[in-house]
There are 2 protein chains.
Amino acid sequence: MSDLICKVAIVGGTHGNELTGIYLIKKFARLPELVKRASFECEILLANPRAIAANRRYIDRDLNRCFASDDLANHHLTGYENNLAKQIVARLGTKDRPQTDLIIDLHSTTSNMGLTLLLPDYQPFTLRLAAHLAQIYPDVRICLAANNEVGNSRLRSLAPLNLGIEVGAIAQGVLDARLFHQTQMLVTATLDYIDAIDRGERPVVPASVTVYQSIGSIDYPRDPAGELLATIHPDRQFQDYQPLHSGDPLFLTFDGEAIPYTGTATVWPIFINEAAYYEQEIAMTLTDRQEIGIESR
Amino acid sequence: MSDLICKVAIVGGTHGNELTGIYLIKKFARLPELVKRASFECEILLANPRAIAANRRYIDRDLNRCFASDDLANHHLTGYENNLAKQIVARLGTKDRPQTDLIIDLHSTTSNMGLTLLLPDYQPFTLRLAAHLAQIYPDVRICLAANNEVGNSRLRSLAPLNLGIEVGAIAQGVLDARLFHQTQMLVTATLDYIDAIDRGERPVVPASVTVYQSIGSIDYPRDPAGELLATIHPDRQFQDYQPLHSGDPLFLTFDGEAIPYTGTATVWPIFINEAAYYEQEIAMTLTDRQEIGIESR
């Protein structure tokens, strides 16, 4: 694959109550020169207008789970987001015939994820990009998604190269000034990097980088009817990216009893206590921390 | 008025996405001995079942604004919460003919309010109760509501004595272990205090207490169409109860320009950046910090 990028899309409001991306896209609509670069076309998109208007994650179904190829071809799926997904495909291209080289999708989380770059499982171009950003901004963390069905159902999977920017902790329906401006900073640096590559420059990239490889998730303790029995343990709340060792307190029941982590391997949890994941039966995503080499080009 | 309390109601889920109170009421339903006291009857209530099921603040209208006497008498108001309010009145009593002496309503906020007791404007009984709690738990802060229409439209206004417990910062749709158990601790201490009063004891109460008297609110800067122009300034985010002096940075525009507070009087903002108040055009509530004497009985 050539590294030449002709078209980039920046997407906000894939989830209608994550205001950071929504207001950043509105800012780019007002000041288009902020995302204009000489070497490629840049499109901006507010993905889920009805959910944005309702200040809800979604209306009928999580839009960021509607882009599996089978679902896009299924005309029996007629909910709002399933129809919306087909409209977005018409605009950004299909997976088989992409019209967009790279999608940046802007998200926020109630978890204390700071500035996180969410990458597909392994993709040399975006890994070099992310390593470059992490070198400029040492607070940035890089997560590699598990290569699974969820990944293929995301909006950003429509482009062969894609990047999620996930910032937190932010409550749903709230703007945080610092994280808003830091998200803009990451988008700007991403566009500058792509532009430099397109112009044949070689932006500085480190020889290796720390990544957090997603390896699964843990649900909350529940009773047989699915009712919650415990919360995240206070020692673990907001401790995203901190190592979790066997025996560490993980949950606290409503009656005050600590429940430890019983896995044997040390893991690095992220998305701890994300509001939207209660219904998805995810108390946290587990990752493995790895140092990986960056391929030279 | 006699200080004898015969019936107390503890309410959670007045807002369906404030999980702390909801799960505390579920715990009390499972372990009723926790709220049982010899000297009074104690009822528990999950106020808005459909909003709780939907994990939303409300379905049609904020339930905690549906209890104005005119609205309760208005049969043309037929939204879900307006009907629900009439059912709750049938259970807890009307303002004119109260059947409940004291209501404790459990809330959470995305603002950094810690452990806050929300009292009606001035009410000697609840002020003594709050002063007692603040003496036991020095982190507790006491807010006196403005005596206005909003106060009279709240669920807890159905009882002549009432108390809101407001804890944060918690994102909507999220449980925080520490604040959950601290909320339970405050409810327990409140019930113990009432029981002691009923039995003729005189629980320790300080001679004076610090209160934050609500004096109004400020909206976000907006354009003529109502669109947000700025966020809370990062220096002010999560700084509830900290003094705001004339000239202090208050907002930050999306273009990075600080907007100062232009009032002349020092105020103590609370409910800073509460998610549910964007639509109510409230960026924060302003309070005046006062030291007030506690009447001896």
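Which residue, of A:Val211, A:Val204, is modelled with pLDDT under 95, closer than 23 Å to A:Leu127 by Cα and more than 14 Å from every other protein chain (Cβ to nearest Cβ)? Break it down stepwise before answering.
Details: A:Val211 fails: modelled with pLDDT under 95.
Answer to the selection: A:Val204.
Conditions tested, residue by residue: (1) surrounded by fewer than 21 Cβ atoms within 10 Å (Cβ to Cβ); (2) among the β-branched types (Val, Ile, Thr).
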{"position": "A:Gln99", "(1), (2)": "yes, no"}
{"position": "A:Leu129", "(1), (2)": "no, no"}
{"position": "A:Val167", "(1), (2)": "no, yes"}
{"position": "A:Ile170", "(1), (2)": "no, yes"}
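I need a count of the residues in segment A:227-252 that are within 10 Å of chain B (Cβ to nearest Cβ), acidic (Asp, Glu) and crowded, with 21+ Cβ neighbours inside 10 Å.
Summing the residues that are within 10 Å of chain B (Cβ to nearest Cβ), acidic (Asp, Glu) and crowded, with 21+ Cβ neighbours inside 10 Å in segment A:227-252 gives 0.
So which of A:Pro269, A:Pro224 ends up being without any contact (Cβ under 8 Å) to a residue 60 or more places away in the chain, within 17 Å of the chain's Cα centre (by Cα) and more than 12 Å from every other protein chain (Cβ to nearest Cβ)?
Selected residue: A:Pro269, the only one of A:Pro269, A:Pro224 that is without any contact (Cβ under 8 Å) to a residue 60 or more places away in the chain, within 17 Å of the chain's Cα centre (by Cα) and more than 12 Å from every other protein chain (Cβ to nearest Cβ).
Which residues, counting only those in segment B:253-266, are of a type outside the set (A, V, I, L, M, F, W, C) and either in a strand (DSSP E or B) or away from chain A (no Cβ under 14 Å) (or both)? If you could, list the steps in order and put the result at the bottom.
Residues of segment B:253-266 that are of a type outside the set (A, V, I, L, M, F, W, C), as a first pass: B:253, B:255-257, B:260-264, B:266.
Of everything in segment B:253-266, those that are of a type outside the set (A, V, I, L, M, F, W, C) and either in a strand (DSSP E or B) or away from chain A (no Cβ under 14 Å) (or both) turn out to be B:Thr253, B:Pro260, B:Tyr261, B:Thr262, B:Gly263, B:Thr264, B:Thr266.
Where residues in segment B:253-267 are crowded, with 20+ Cβ neighbours inside 10 Å and of a type outside the set (A, V, I, L, M), which of them is nearest to B:Asp219 (Cα to Cα)? First the steps, then the outcome.
Step one: filter segment B:253-267 for residues crowded, with 20+ Cβ neighbours inside 10 Å, giving B:254, B:261, B:267.
If we keep only those that are of a type outside the set (A, V, I, L, M) as well, we get B:254, B:261.
Values: B:Phe254: 16, B:Tyr261: 12 Å.
That would be B:Tyr261.
For residues in segment A:272-297 being among the β-branched types (Val, Ile, Thr) and within 13 Å of A:Leu244 (Cβ to Cβ), which is farthest from the other protein chains (Cβ to nearest Cβ)? Step through it out loud before you land on a result.
Filtering segment A:272-297 down to residues among the β-branched types (Val, Ile, Thr) leaves A:272, A:282, A:285, A:287, A:292, A:294.
Next cut, within 13 Å of A:Leu244 (Cβ to Cβ) only: A:272, A:285, A:287.
Numbers: A:Ile272: 10, A:Thr285: 16, A:Thr287: 21 Å.
Ranking the qualifying residues of segment A:272-297, first place goes to A:Thr287.
Basic (Lys, Arg) and under 21 Å from the mean Cα position of the chain (by Cα) - does that describe any residue in segment A:52-59?
Taking every residue of segment A:52-59 in turn, at least one turns out to be basic (Lys, Arg) and under 21 Å from the mean Cα position of the chain (by Cα).
Restricting to segment B:159-185, name every residue that is over 29 Å from A:Tyr277 (Cα atoms) and out of contact with any Phe, Trp or Tyr (no Cβ under 6 Å at 6 or more places or on another chain).
Looking only at segment B:159-185, we keep the residues that are over 29 Å from A:Tyr277 (Cα atoms), and these are B:159-163.
Answer for segment B:159-185, where residues must be over 29 Å from A:Tyr277 (Cα atoms) and out of contact with any Phe, Trp or Tyr (no Cβ under 6 Å at 6 or more places or on another chain): B:Ala159, B:Pro160, B:Asn162, B:Leu163.
Residue-wise test of (1) modelled with pLDDT of 95 or more; (2) not charged (D, E, K, R).
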{"site": "A:Leu106", "(1), (2)": "yes, yes"}
{"site": "A:Thr110", "(1), (2)": "yes, yes"}
{"site": "A:Pro124", "(1), (2)": "no, yes"}
{"site": "A:Glu149", "(1), (2)": "no, no"}
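Looking only at segment A:66-89, how many residues end up being open to solvent by 40 Å² or more (accessible area, probe 1.4 Å) and modelled with pLDDT of 95 or more?
4
Considering only residues that are assigned to a loop (DSSP other than H, G, I, E, B) and more than 17 Å from the chain's Cα centre (by Cα), look in segment A:155-192 and name the one that is farthest from the other protein chains (Cβ to nearest Cβ). Walk me through how you get there before you give the answer.
Taking segment A:155-192 as the starting set, the residues that turn out to be assigned to a loop (DSSP other than H, G, I, E, B) are A:159-160, A:169-176.
Applying the additional criterion that residues be more than 17 Å from the chain's Cα centre (by Cα) yields A:173-176.
Details: A:Gly173: 4, A:Val174: 5, A:Leu175: 4, A:Asp176: 6 Å.
Taking the candidates together, the pick is A:Asp176.
Please go through segment B:74-88 and pick out each residue that is of a type outside the set (S, T, N, Q) and over 15 Å from B:Lys7 (Cβ atoms). Before the answer, list the steps.
Keep residues of segment B:74-88 that are of a type outside the set (S, T, N, Q), which gives B:75-77, B:79-81, B:84-86, B:88.
Within segment B:74-88, B:His75, B:His76, B:Leu77, B:Gly79, B:Tyr80, B:Glu81, B:Leu84, B:Ala85, B:Lys86 meet the criteria.
Residue-by-condition table, conditions (1) part of a loop (DSSP other than H, G, I, E, B); (2) touching a strand residue (DSSP E or B) at 6+ places or on another chain (Cβ under 8 Å); (3) facing chain B (nearest Cβ under 10 Å):
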| position | (1), (2), (3) |
| --- | --- |
| A:Gly16 | yes, no, no |
| A:Lys27 | no, no, yes |
| A:Glu33 | no, no, no |
| A:Glu41 | no, yes, no |
| A:Leu45 | no, yes, no |
| A:Ile52 | no, yes, no |
| A:Ile59 | yes, no, no |
| A:Phe67 | yes, no, no |
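Would you pick out the residues in segment B:193-226 that are in a strand (DSSP E or B), open to solvent by 40 Å² or more (accessible area, probe 1.4 Å), among the small types (Gly, Ala, Ser) and under 27 Å from A:Val174 (Cβ atoms)?
Passing the criteria: only B:Ser217.
The values are calculated or read from the model by the stated rules, or taken from the named source; none is laboratory data. Here the structure is a predicted model, which is why all the values come from computation and not from measurement. When we count neighbours, we look across all protein chains shown, and the Cβ atoms used for this are built from the backbone with ideal geometry, even at glycine. Accessible surface is based on the protein model in full, side chains and every heavy atom, while ligands, DNA and RNA are left aside. Shrake-Rupley method; radii C 1.70, N 1.55, O 1.52, S 1.80 Å.
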